[in-house]
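Input: a single structure, listed below in structure tokens.
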Amino acid sequence: MARLYLGGPSGCGKTLAIKQINDLYPHISCLSGSQIMMRAAGVLTREELNLLSPAKKDVLRETAFSSYYAAAKNLILEGHFFLTETDARFIDSFVLVEVSVESLIRFRNSDSSRIRGIDLDDITQEVEVIEKRVFDFENKFEIKVVRISNDSSLDKLVSTILSCYSAISGAMY
């Protein structure tokens, strides 16, 4: 049993990596925090989820994540480091995908599946916000976040994530 949280800025390769892991190892649940929230709220899209009030999202988040974490035996959860005490209590390991701002711009330009900003200042600010969230989380809960790098090789990123997962599960993949 292992539960790993995989975080990082939008466009760093998290989603592609967990999709590939899920295809290779279907016994590992690979989800995003948004997917758990959408299921709990009974909505089908992120746009519908965004229409919920912040108070409703807070209640849903606590109940949905607690229930899901308690039931999930093998999980890689993807997100942007909006972490709470619930996450700290149930997740076995936290991993941050680090990538340079220049690489994020390149990745985002090559991904036509989603519209993302490519402004240098905006991306720099987004990376700084994620770093601050990680720093605050580590300090508040006294949990170490493992930092890995995406050098633009999806296969290497997948392998590194699986190595982190193996380290906490004791299983080799």
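Among the residues of the range 146-173, the ones that are small (Gly, Ala, Ser) and more than 16 Å from His27 (Cβ to Cβ) come to 6 in all.
Filter the range 128-172 down to residues that are of a type outside the set (Val, Ile, Thr) and touching a Cys at 6+ places or on another chain (Cβ under 8 Å), then give me how many there are.
As a first pass, look at the range 128-172 and keep what is of a type outside the set (Val, Ile, Thr): 128, 131-133, 135-142, 144, 147, 149-157, 159, 162-167, 169-172.
Subsequent filtering for residues that are touching a Cys at 6+ places or on another chain (Cβ under 8 Å) retains 150.
Summing the residues that are of a type outside the set (Val, Ile, Thr) and touching a Cys at 6+ places or on another chain (Cβ under 8 Å) in the range 128-172 gives 1.
For the range 155-173, how many residues meet the condition of being loosely packed, with under 13 Cβ neighbours inside 10 Å, among the aliphatic types (A, V, I, L, M) and under 18 Å from the mean Cα position of the chain (by Cα)? Looking only at that region, the number is 0. Pairs are defined by a Cβ separation below 9 Å, a sequence spacing of at least 6 or placement on different chains, a first member in the range 60-80 that is under 15 Å from Ile28 (Cβ atoms), and a second member that is among the basic types (Lys, Arg) and crowded, with 18+ Cβ neighbours inside 10 Å; the pairs so defined are Tyr69/Arg3; Ala72/Arg3; Lys73/Arg3; Asn74/Arg3; Leu75/Arg3; Ile76/Arg3; Leu77/Arg3; Glu78/Lys14. Checking the structure you have, find out if any residue of the range 29-38 is among the aliphatic types (A, V, I, L, M) and either in a strand (DSSP E or B) or loosely packed, with under 15 Cβ neighbours inside 10 Å (or both). Yes; the residues of the range 29-38 include at least one that is among the aliphatic types (A, V, I, L, M) and either in a strand (DSSP E or B) or loosely packed, with under 15 Cβ neighbours inside 10 Å (or both). Within the range 120-173, being assigned to a helix (DSSP H, G or I) and of a type in the set (Gly, Ala, Ser) holds for Ser159, Ser163, Ser166, Ala167, Ser169. Of all residues in the range 91-112, those being hydroxyl-bearing (Ser, Thr, Tyr) and either buried (at least 17 other Cβ atoms within 10 Å of the Cβ) or outside any loop (DSSP other than H, G, I, E, B) (or both) number 3.
The requirement of being touching a Phe, Trp or Tyr at 6+ places or on another chain (Cβ under 8 Å) and part of a helix (DSSP H, G or I) is satisfied by Ala88. Among the residues that make up the range 45-55, is at least one of them in contact (Cβ under 8 Å) with a residue 24 or more places away in the chain, in a loop (DSSP other than H, G, I, E, B) and either among the hydrophobic types (A, V, I, L, M, F, W, C) or in contact with a strand residue (DSSP E or B) (Cβ under 7 Å, 6 or more places away or on another chain) (or both)? No, the conditions are met nowhere in the range 45-55.
Read-outs throughout are calculated quantities, based only on the coordinates presented, and are distinct from any laboratory measurement. Since the structure is predicted, the reported quantities are computational estimates derived from the model, not experimental observations. Every residue, glycine as well, gets a Cβ built from its backbone with ideal geometry; the counts of neighbours run over all protein chains shown.
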